[in-house]
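Enquirer: Sharing a structure, written as structure tokens. Questions coming.
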């Protein structure tokens, strides 16, 4: 695989495998650090929102206006931006409520799981949670891959932001699976599979989009990616941070994420 493709793919793999950190947190810590999780989710949202509007949307608009004219280029940029939001909203609408990864989970829930009777029918709930998170990870893999393809430095920032928010998702997968089966091995395996949806999204993007990748297609994809990132931030990351009960800590994380991203873009400009 070409180095220009390998780096974006490895970044998406890194982001996806961060779910495994959530698994290890579940089994090797006694208490949930809610402030740290709230701050981390806020930080991730800050990075993604800032990057989406300042870098990726602007890049999409620049490419499309250059190739299609100012008014038409801006219109196409906006349409595809909201198309990205619509894509994630559609995925959310198809997600069963018991498998929604937006629900905050804590390590303390393991105490309930360890005392509960293992019922085979609970496995469905655990697997659906993993499938749901895998579906959400798929477009995140596309976002990481496309951003890194254009700008590896920017890709590193986005991959890191997504990796941070994949940690609580790893907790969200491993707790129900363990609760359902009583098996740490199954909890680990299914958590790993849900994370691998991220590099799968990157791989399919490479296989499907790369042969057709013109400047106009690239601009449209960037606009979609910006929409995906904003929607994930406002629908998943910030509500998730608030569910950990630390509103102001989440906002401090949000501002810190924006400031860090702004500084890094200035330094590497």
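What follows is calculated from the coordinates using simple rules that are stated; it is not laboratory data. Treat the numbers as computed from the prediction; the structure is a model and nothing was measured. Because the Cβ atoms are built from the backbone with ideal geometry, glycine has one as well, and the counts that use them run over all protein chains shown.
Enquirer: Using label points projected 7 Å from each Cα along Cα→Cβ, tell me how many nm separate residue 184 and residue 248, to one decimal.
Expert: Each label point lies 7 Å from its Cα, and together they span 3.9 nm.
Enquirer: May I pose another question? List residues of region 53-68, by number, whose backbone nitrogen lies under 18 Å from a label position 7 Å along Cα→C-beta of residue 75.
Expert: 61-68
Enquirer: Counting other C-beta atoms within 10 Å, which of 248, 242 has the fewest, and how do the rest follow?
Expert: Fewest-to-most Cβ neighbours within 10 Å comes out as 248, 242.
Enquirer: State, to one decimal in nm, how far the label point of residue 94 lies from the label point of residue 264, with both points 7 Å from Cα in the Cβ direction.
Expert: 3.1 nm
Enquirer: Using the basic label-point model (7 angstrom from Cα toward the beta carbon), what is the residue 58 to residue 28 distance in nanometres?
Expert: Output for this residue pair reads 4.0 nm.
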